[in-house]
Amino acid sequence: MPGSVRKQRAHPQPRSSGKSALPAEARVPVQPGTGLLDSRVLALAIVVTLSATFGVHRLIDPDFFQQIAVGRQIISEPASFGISTFVDDYPSYHYVEDKWLPSVVVAAIDMVAAEHGLMLYQIALCIGVGLAWYGMQRRWGGSRYAAVLGTALALLACAFRLEPRPDTISHALLALVVLSVATPASRAVTGYTLLLFALWINVHGYFVNGMLVMVAAAAATFVGDDVLNRSGMPAWRDRVMLIIAALGACLLHPQGWLALLSPVEQLAMLRSEAFHVGIQELQPVRELLAGTSRAHSIALLLSVLGPLVAGSSIASPFPRQAIAAGAGLLWFAWPPPAMADAIPYQTSAALWILALTEVPSALKTRRYFPVFLFAGFSLLAIPAVRNLPLLVPPCLLLLVPSWAHIGESSSRAQPARRAFAVGLLILLATTIAWGRLSDRLNGYVRGPTRTGWGIDSVRFPVGAANYLAAANLPGRLLNNFDVGGYLLYRLHPGRRVFIAGNTAMFPVSFFEYYDSQVVGSQFDLERLARERQITTVVWDLVSTQAQRIFPALVQHPQWKLVYLDHAAAVFTTAQSERPLDLDHRITELATQDVWHPALPVELGGKALLFPALNLPAFLQTIGRPDLALRAAEPLWSIFQAEPLAALIGTAATQTNSIGPRLPLLEEALQRFPSSQDLQTLLFTGYATQANELLLRGDLETADRHLRRMTELQPNACGPYLGLAKTAVTRGDVARGKSMAGAALARDADGSCRRGLLSDPSLTSLVGS
């Protein structure tokens, strides 16, 4: 039976005192009162405070708002459970609602306390996850010092997933299942485990990960895991019976066995290539290594293999972890291009390396469970970026013994050294909290997580939804994937959307249609509008597909732009609406501050390039470089960023006003010397200016521009042709011949020879 106790082994391991799940030989005796964090209150205060900071950001998760819409429908019409009325093409689509419980909870919170309640809910979820990770480590033998350290790193690694969504609850429940695995068998533990799974299946389909934890525990017990085979722990047969009982508990869902099989259905859906391409969080982890050079790849590979070899040959935990930490720092100092400025991903890589170093030691000491979990969850993380947080529990379990040994050994040192270690831990936690509150964990993302309170109106179409509610436009909507949930939150049940974030609410074929016919190469505005009866388009400026959608709308005579803000644009064919005065609207939007950080700049608050650059990018996309330049140029005094400089340079080139912007581009190139875009823009700008200067007879300035062009692109022949022209104009034929020869030596396509032959003043230099 799941709750039975296995008979004592012939050579039982000594029972550990307190709550430690480590075998006795893996622990270091500590005198009472000498622990690095003897105060339970202090440890919990650090965990709670640090965790809370990860929830103090504006509501920005697209799926969260759709969950509220689902919860509202369930509350108002329980008979609609599992029937989607949200998508125009599928007004009564039957699906498995595996997130119904949190949806109802957040809908109720929204009804009672609106944005304030939703913000408190978001903060509470982050605190719950932090406490679950902390408790899991303590249960598995981690000291308070090690548990706080592990929780801090886990929060940092998972910063991009700590949203008010069921996934976040699942991470807490996963930690609680791992915690239960190390608990001696009893009826209470059996009941606790079954209750966890009965709750979990009504929260999210990730309950299957909890099952994998149970399977790993049964397998580890079967092969003789020294921790899980201690006296009083369940035998492997008992663990198998508990798995079967947990599967039975999972039937306690309104849709019964359909919910139990839902993860299998979702895995089948993920076989569609459209999901991996179209949904960022479903992209494989290998995409994070894209663009890495061969030398860089070798260095990163050595950062993995080196610590693994050290873990196999070094017995002492401290030098092992010191080597692994040094290797992990490489991912911060020299990350792959796709991970640049993405501190959470870099932290995940470093944490994984720290844990990998401990695998040989775990195998030697017969701690198979964390190794099985580490291997299994590492494999699960490879197919999708969103699975990276699964690495946190096994990594922390592998690190617990070494960190506990290091910490407890250090606790016997002088009080001053103990206080210093505690101070370092508090400093680390404070630094991570500051990094979160100062908005430094985002990188260059178009829809960043911004510290603040309430819904992020610069990320979601709050203004566009207000416009739609007031205008009551006829016909169907066309919207992009990420804003569908928010539009439902604001407009449903009065209005449905084209598509929304819960891919279970429509067949896979419809997402494939969206991926190819709407945001893909087969996009045809007229056909799409005719076939789907679409008369209004709501599209956010964050969308990566904007370069395909917006130009088509602007260029079509029947479509007109009727609303625009920093978040979204609304186009319609409705005759009742007047086109927007774009010049006037840009003047209005230019006065709005969408970049100022919530944490004061004096305290390190980071002004975010995005979303500030989204509006200029939109204007550039729709063919208004003049307005793009007006919106973007004032931002340079705030953001010295490569994308901003490139946009300014491109818009200036298109409006024939590159000359005054050359100093700005030079400054940008000094900051980003490897930027090919900036080099090209400068080269083109100097070429344009040099031609104008030659026509005006300003040979000295033209010469200076041409020489700068030779520095920017040494193998280009054009600048040398220009230098030959200035030399001949001055009467310096010898220099003209020299420059002409240099031009011909670099003439890859014959263009410079043709230029020499077509210019009467230079013809004599050819062949000289």
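Rule-based calculations on the coordinates, nothing more; no lab input. Note that the structure is a prediction, hence the values are computed from the model and not measured. Here the Cβ positions follow ideal geometry from the backbone for every residue, glycine too, while neighbour counts run over all protein chains shown.
Cβ crowding within 10 Å, taken as a proxy for footprinting-reagent exposure, orders Thr503, Thr535 from fewest neighbours to most as Thr535, Thr503. By the Cβ rule of 4.7 Å, the chain holds the following cysteines without a possible disulfide partner: Cys126, Cys158, Cys250, Cys395. Remark: relative contact order (the stretch 462-580) = 28 percent; criterion is Cα-Cα distance under 8 angstrom and separation of 6 or more residues. Note on Asn466 and Arg40: the model spin-label points, each 7 Å out from Cα along the C-beta direction, lie 5.0 nm apart. Listed by number, the DSSP H helices of the chain that run 27 Å or longer by alpha-carbon position along their axis and have mean Kyte hydropathy of at least -1.0 are 100-139, 294-313, 415-437, 676-696.
Kirkwood's formula applied to the C-alpha pairs of the stretch 621-671 gives a hydrodynamic radius of 10.8 angstrom. Net charge in the neighbourhood of Arg661 (other residues with Cβ under 11 Å of its Cβ; Lys, Arg +1, Asp, Glu -1) is -3.
Report the label-to-label distance for Ala322 and Glu281 in nanometres (one decimal), using points 7 Å from each Cα along the Cα→Cβ vector. Using points 7 Å along Cα→Cβ, the separation is 4.1 nm. Taking the charge dipole of the stretch 40-437 about its Cα centre, with +1 at Lys and Arg Cβ atoms and -1 at Asp and Glu Cβ atoms, the residue from Ser316, Ala340, Leu427 reaching farthest to the positive side is Ser316.
Packing around the peptides 153-164, 667-678, taken as the average count of other Cβ atoms within 10 Å per residue, puts them in this order, highest first: 153-164, 667-678. The length gained by stretching the chain between Ala419 and Ala745 to full extension, at 0.36 nm per residue less their Cα-Cα distance, is 110.4 nm. Extension gain, Ala574 to Ser657: 0.36 nm times the residue separation minus the Cα-Cα distance gives 26.1 nm.
Here the calculated FRET efficiency for Glu667 and Asp626, from their Cβ-Cβ distance with R0 = 22 Å, stands at 0.45, rounded to the nearest 0.05.
Would you please state the base-10 log of I(q)/I(0) at q = 0.18, 0.21 1/Å for the stretch 95-191, with intensities from the Debye formula using one equal scatterer on every alpha carbon? Results for the stretch 95-191 at q = 0.18, 0.21 Å⁻¹ read -0.91, -1.06.
By the rule of a C-alpha distance below 16 Å, with chain neighbours fewer than 8 residues away ignored, the aspartates and glutamates paired with Lys737 are Asp703, Asp747, Asp759.
Note on Gln517 and Ser764: the extension gain reaches 83.1 nm, defined as 0.36 nm multiplied by sequence separation minus the Cα-Cα distance.
May I ask for the distance between the Cα centers of the stretch 214-241 and the stretch 600-635, given as a whole number of Å? Cα centroid of the stretch 214-241 versus Cα centroid of the stretch 600-635: 57 Å apart. If you sort the three axes of the alpha carbon gyration tensor as a ≥ b ≥ c, you get a/c of 1.5 or more for the chain and a/b no higher than b/c, which makes it oblate.
For Val105 and Arg530, what does the FRET efficiency come to when R0 = 51 Å and r is the distance between their Cβ atoms, rounded to the nearest 0.05? After rounding, the FRET efficiency stands at 0.75. Of all aspartates and glutamates in the structure, the ones whose alpha carbon falls short of 12 Å from that of Lys99, not counting any fewer than 8 places away in one chain, are Asp63, Asp167. The sum of -39500 (n - 2.57) across all DSSP H runs of n ≥ 4, divided by the residue count of the chain, sets its helix-only mean residue ellipticity at 222 nm to -18000 deg cm²/dmol.
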